[in-house]
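Novice: First the structure, then my questions, so here it is.
Every number in this text was worked out from the coordinates using simple rules, so none of it is lab data. Small disclaimer: the values here were computed from a predicted structure and weren't measured. Here the Cβ positions follow ideal geometry from the backbone for every residue, glycine too, while neighbour counts run over all protein chains shown.
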Amino acid sequence: MSQIATSKFISKGNVRKVDKRSAEYKALKDNIKVKGIRTPITYKVDDNGDHIIINGHQRIAIAKELKVNEILACEVNGDASISEEQISVNMFTVPMTIFDASSAILKIMETEPDITRKELQLRFGKNAQWVQKAITFTNIMPELRAYMEKEPPNPAVNNEIRDIAEHPPS
């Protein structure tokens, strides 16, 4: 673990959306202003030598906003993809919505088109019903999915959208 310039870190996507207008983001920023960043960023160095963020997208964004020059960071190693690493960390440290999961599944399927539901259950640490629901939401239009990630619908609307995703009009 070492101090690394915040300018070195880049994002190649995040399995969760960072909403800088959310109360959670503002609270984190206020906390960092007072106490600093206490949890290290985790990253992977890719084939180009870039420092790709695995965990800490919000902390890096806030550090850059606050003009923090260096941040404590820890490099992870191994052959897992960036998305897989992010899922592994995020599923057990922060809430991931079903819409975040459907976006993550789409990213995984880009590189692993033959992944099974059972493998997804193991990666997400969730049961078959949860994984199936996330897979179902991969069928909705990208624009609608993006909107729903920003403004989660109430349960009734959520059920209607799931019905549409499960039984698209022909």
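Novice: Taking 7 Å along the Cα-to-C-beta vector as the label spot, tell me the C74-E24 distance in nanometres, rounded to one decimal.
Specialist: About 2.1 nm separates the two model spin labels.
Novice: Do the alpha carbons of any pairs in K44/K67; K67/K126; K107/K150 sit beyond 30 Å of each other, and which pairs?
Specialist: K67/K126
Novice: Oh, and also: Order of 52-59, 130-137 by packing, highest average Cβ count within 10 Å first? Intermediate values should be presented prior to the final figure.
Specialist: Details: 52-59: 22.2, 130-137: 18.8.
My ranking of the peptides, most packed first, is 52-59, 130-137.
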